[in-house]
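Student: What follows is a single structure, and I will ask about it in a moment.
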C-alpha cells in the first residue's frame, strides 16, 4: 500500500485559498462594522475582533494539516489588502503574525486535536499575536490599567467565541453537508491512518 504524504497537496492549498478568499471578503466588510460598534464604548468593538482570526481556525478544522492555519490567515489578509483594506499593508503583517501564533498552538498539540478547547487556544494565540502588533504599533499602550484590562478581556472573549466556538460549529455544519469529503477521508481514523 502506498504511503500518503503528510504535507499539503494541491487540493489542500486550493481549498485553503478558497476559504481565505471568502474570509478576505468578510474581513473587508467587517472593518466598517467594527468601527460602527465603537460608538457603544467599553471596548465593545473588541468583542468582534475575533472574526479576523477565524480563517486560520476554520481552515485547520477542515483541512487538518500543518501549515494550513498560517497559510489561510496570511492569504485572507492578502485578500483583504487587495480589496483595499482601510489599514493598508499593515493588515498583511497582522495576518501573518496572527496565523503564526494560531499555527503554533496547533503544532503544540501535534496537529491531532480538533476540539473546541484547542481551537479556542489557537484563537487565544492569534489574539496574543494581534496584541503584540498593537503594542508595537503603539495603539493601546496609553490605556489606563482598568481600561487595558477591559480591552484585553473583550478581545480574548470575542476571539474565543468567534474564532473558537463558532469556528468549530461552522466546521461541523460544513462537514454535515459532505463538502469536506472531497479532500478528507470519511472518518478521523481513516484520516489518521493516511497521515501516519
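What follows draws every value from the coordinates through simple rules; no lab data is involved. Source: prediction; values computed, not measured. Here the Cβ positions follow ideal geometry from the backbone for every residue, glycine too, while neighbour counts run over all protein chains shown.
Student: Once the Cβ-Cβ distance between residue 136 and residue 174 is put in as r, and R0 is 25 Å, what FRET efficiency do you end up with, to the nearest 0.05?
Tutor: E(calc), rounded to 0.05, equals 0.10.
Student: Related question: Sort 78, 122 so the one with the fewest other Cβ atoms within 10 Å of its own Cβ comes first.
Tutor: Final ranking by Cβ density, sparse to dense: 78, 122.
Student: Continuing with this model, one more query. Angle, helix 90-108 long axis vs. longest principal axis of the chain, Cα atoms, 0 to 90°, nearest 10?
Tutor: Between helix and principal axis, roughly 50 degrees.
Student: Let me ask something else. Taking the 0 to 90 degree range and rounding to the nearest ten, how far is the long axis of helix 145-159 tilted relative to the main principal axis of the chain, both from C-alpha atoms?
Tutor: 30
Student: Let me ask something else. Can you sort 176, 28, 65, 9 from fewest to most other Cβ atoms within 10 Å of each residue's own Cβ? Present the calculation step by step, with values, prior to reporting the outcome.
Tutor: Details: 176 9, 28 19, 65 24, 9 13.
The most exposed by this proxy come first: 176, 9, 28, 65.
Student: Another question, then. Over segment 10-188, what is the relative contact order in percent, taking alpha-carbon pairs closer than 8 angstrom and at least six residues apart?
Tutor: Once normalised by length, the contact order is 28 percent.
Student: Could you work out how far helix 167-177 tilts from the main Cα principal axis of the chain, as a 0 to 90 degree angle to the nearest 10?
Tutor: That works out to roughly 40 degrees.
Student: For segment 39-138, what's the relative contact order in percent, using C-alpha pairs closer than 8 Å and at least 6 residues apart?
Tutor: Relative contact order of segment 39-138: 28 percent.
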